[in-house]
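K.L.:
Provided herewith is a single structure, encoded as structure tokens, for subsequent inquiry.
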Amino acid sequence: MKNRIRQIPFKVRLFLSFLLVIIIIGILIFTYGSFFISDNVYGRAQREVARNINSAWNEYNNEVENLKTVADFVSGAHCSEYRTNKALLSKIKEKYKIDYIVFTPAMPDEKITESTRPRAETRIIPVKELKELNNNLSDRAFIKSKETEMAKKIPASDLKDGLVMEATASYFDVKKQEKGTLKIGKLLNRNSEIVDKINSIIFEDQKYRGKSIGTVTLFLKDIRVATNVLTFDGERAIGTHISEKVYDEVITKGNKWRDRAFVVKEWYITAYDPIKDSKGNIVGILYIGRLEAPFVEIRDLMRRDLLILLLISTLLFIIISYWISIAIDRHFRQMTAAVKQIANNDLNVRVSKDTGITELNILAEAFNAMAMALNEDRREILEANEKLNAANKNYLDMVGFVSHQLKGILGSIVMNIYSIKEGFLGEINEKQKKAIDSVARILDYFESMVKNYLDLSRIEKRELEIKSSLLDFGEDVVKIAIQHFEKQAQERDIRIENNIPSGIKVFVDKGLMLIVCDNLLSNAVKYGVKNGSIVLSYEDPGDEYFRFVFYNDSDPISAVKQDMLFKKFSRLPGTEKIKGSGIGLYISREIMEKHEGKITHESTNKGNRFILLIRKRST
């Protein structure tokens, strides 16, 4: 999965990054915008409903004031006429749409307080009192209870009491010299005129898809007694109940309700205010509601417009982002191609600095400066390399020439010295013999060093040619190498033990492999302890290599010093007093690698093991 992600082109990854950011920002803007629109629309609706309920109260209170005015008029100077003239009272009722006018004389012991202004209240009249006033009123007050969706669940009980708007005044009948109390009232049960009037004033009979945008209701407790809310049958929803939540808040707690509510069959933005009698008891509710659907439609339209705007903006941003991604990718591709040209040693390549993007321009300038610096450095390196190659050639030519010349001269000198030493040119005394032995040892070291330098020269010049043949490693290489150093080992009382069996066939260059074995035995004799041992052995690990081990008793070489063993001109600390060129093991490693083999080192408790790994093959 990670590899697949890495293989996605840069421009695609850049474009997808832009796209992801744009989508996230778009979602956040739409989410916030939707909440903002909803809050704004519903807030506006709630504010309108709050104003509407105030207007409804004004109209309701006007009705109350009208009753008080009529009560004041009837209880005034012409009180006697109204008490005796029923026709006149009927005109008053008809004109002001009053349901009852009752004169109640005071009892002998009853005190009637004369008031300058009538009192008014909304109260509940029991069915018995309604019948005493007028049987027609009790019939009109009767409302059958109906259940609706989401309404408060109550035991089935029909409404018989009446909710009345009533004004009370004291009167004094001058003719009869009687005092009493006048009550004038309107029964609100089934009184559609009041709610329709309030609805007309507030909502101006506006419609939304055939429905009134506003509703007005008067409740007796929790039952609708006058309303323009319609049922599914198109009838006024008289006898239906308010919801449980509204009941608890308004009737039980006496608070106002300002929120959305489900009214019979629709959702409305509503306001419910408790109606109280003169004693402060809650007798009903005045309700105003605005149909929620128009506000939902406005909200949805605004959300749709916001979404369309966001989609158009997102599309534009996507196009711009894609164009930017292509532009950036084009310049990065140009820079990538330039880097590949530099990798192919074309340091004259340059990239355009006019990208239209400040950061890319800076990057291009830095890249061009780097290319120029690399070009200059390469020129200086090439010049220095030419000088170094010339100097190295001169050095190798000199080493080869001097070593070759010295080899011939040394050969004659060594032969003559050994002729004198062995007495072939006449007898020599003991003192002369010691001097000749010293010279012979120095010449042996010198001859070995010259030989190593000749080998080094061949390696450095890449003139080391391998002429392999199938040999018996023990007979054709190891035994010959031992013969070269037997005398030196005897002089240091070092015993050479050869455990490499005959018959192990290896495909190697005999001369080069003798150089390797000579170097290992020379080091074993020089650096081994006196009276110690050199043990040569063969191991077969069962893999693709023959394993030949050259062990000698000596100071173990620590792991820290092992890294220095096979380096050119490297001498281990503590061996400075022993003569050596420091290139023997380096030459040996180069020869082994030319044979596709290895030379390694292992330390033991009492000495060191050098291991030759020669690949098993016959050709």
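K.L.:
When both residues are 6+ apart or on different chains and their Cβ atoms are under 8 Å apart, which pairs have a first residue that lies in region 120-132 and is among the charged types (D, E, K, R), and a second that is assigned to a strand (DSSP E or B) and loosely packed, with under 14 Cβ neighbours inside 10 Å?
P.N.:
Here the result reads none, with nothing in region 120-132 linked to a residue that is assigned to a strand (DSSP E or B) and loosely packed, with under 14 Cβ neighbours inside 10 Å.
K.L.:
Would you please name the residue that is farthest from the chain's Cα centre (by Cα), looking only at residues in region 178-224 that are surrounded by fewer than 24 Cβ atoms within 10 Å (Cβ to Cβ) and aromatic (Phe, Trp, Tyr)?
P.N.:
So, considering only residues that are surrounded by fewer than 24 Cβ atoms within 10 Å (Cβ to Cβ) and aromatic (Phe, Trp, Tyr), the one farthest from the chain's Cα centre (by Cα) is Phe203.
K.L.:
Moving on. Of the numbered conditions (1) part of a helix (DSSP H, G or I); (2) outside the structural domain of Lys207 (by TED's automatic domain parsing), Ser352 satisfies every one except a single condition; which is it?
P.N.:
Going through the list (1) part of a helix (DSSP H, G or I); (2) outside the structural domain of Lys207 (by TED's automatic domain parsing), Ser352 breaks only (1).
K.L.:
Continuing with this model, one more query. Any residue in region 197-212 that's in the same structural domain as Tyr60 (by TED's automatic domain parsing): show its pairings with residues that are among the β-branched types (Val, Ile, Thr) and surrounded by 13 or more Cβ atoms within 10 Å (Cβ to Cβ) at Cβ separation under 6 Å, as long as the two are six or more apart or on different chains.
P.N.:
Ile198/Val216; Asn199/Val216; Phe203/Ile213; Gln206/Ile213
K.L.:
Tell me, please, whether a residue that is aliphatic (A, V, I, L, M), out of contact with any Gly (no Cβ under 8 Å at 6 or more places or on another chain) and under 30 Å from Trp267 (Cβ atoms) can be found in region 299-306.
P.N.:
Yes, because at least one residue in region 299-306 is aliphatic (A, V, I, L, M), out of contact with any Gly (no Cβ under 8 Å at 6 or more places or on another chain) and under 30 Å from Trp267 (Cβ atoms).
K.L.:
Picking from Ala261, Ala293, which residue would you name as being outside any helix (DSSP H, G or I), in the same structural domain as Gly234 (by TED's automatic domain parsing), in contact with a strand residue (DSSP E or B) (Cβ under 7 Å, 6 or more places away or on another chain) and of a type in the set (A, V, I, L, M)?
P.N.:
Details: Ala293 fails: outside any helix (DSSP H, G or I).
When all the criteria are applied, what remains is Ala261.
K.L.:
While we're looking at this one, here's another question. In the set Glu539, Glu544, Glu486, which member is of a type in the set (D, E, K, R) and over 25 Å from Glu593 (Cα atoms)?
P.N.:
Of Glu539, Glu544, Glu486, the one residue that is of a type in the set (D, E, K, R) and over 25 Å from Glu593 (Cα atoms) is Glu486.
K.L.:
Same structure, new question: Quick one: in region 482-512, of everything that is among the polar types (S, T, N, Q) and surrounded by 13 or more Cβ atoms within 10 Å (Cβ to Cβ), which residue is nearest to Gly528 (Cα to Cα)?
P.N.:
Among them, the one singled out is Gln488.
K.L.:
Next up: Please enumerate the residues belonging to region 19-35 that are surrounded by 13 or more Cβ atoms within 10 Å (Cβ to Cβ) and free of Cβ contacts under 8 Å to residues at least 40 places away in the same chain.
P.N.:
Ile25
K.L.:
Within region 266-289, does at least one residue satisfy the condition of being surrounded by 16 or more Cβ atoms within 10 Å (Cβ to Cβ), not acidic (Asp, Glu) and not in a strand (DSSP E or B)?
P.N.:
no
K.L.:
Then there is this: Counting only residues that are within 60 Å of the chain's Cα centre (by Cα) and at pLDDT 75 or above, give me the helices (runs of 4 or more DSSP H) lying completely in region 1-115 with at least 2 of them.
P.N.:
Counting at least 2 such residues, we get 10-74.
K.L.:
I would also like to ask the following. How many residues, within region 225-237, are crowded, with 18+ Cβ neighbours inside 10 Å and without any contact (Cβ under 8 Å) to a residue 24 or more places away in the chain?
P.N.:
0
K.L.:
Restricting the search to region 470-512, which residues are part of a strand (DSSP E or B) and either on the phi > 0 side of the Ramachandran plot or not β-branched (Val, Ile, Thr) (or both)?
P.N.:
Leu470, Leu471, Asp472, Arg495, Glu497, Asn498, Lys505, Phe507
K.L.:
Something else: Tell me which strands (runs of 3 or more DSSP E) are completely within region 158-230 and hold 1 or more residues being out of contact with any helix residue (DSSP H, G or I) (no Cβ under 6 Å at 6 or more places or on another chain), among the β-branched types (Val, Ile, Thr) and modelled with pLDDT of 90 or more, or say none if there are none.
P.N.:
Numbers: elements: 162-173, 178-187, 214-220, 223-227.
The strands (runs of 3 or more DSSP E) meeting that bar are 162-173, 214-220, 223-227.
The values are calculated or read from the model by the stated rules, or taken from the named source; none is laboratory data. Model, not experiment: these values are computed from the prediction. With ideal geometry, Cβ positions are generated from the backbone for all residues, glycine too; neighbour counts draw on all protein chains shown.
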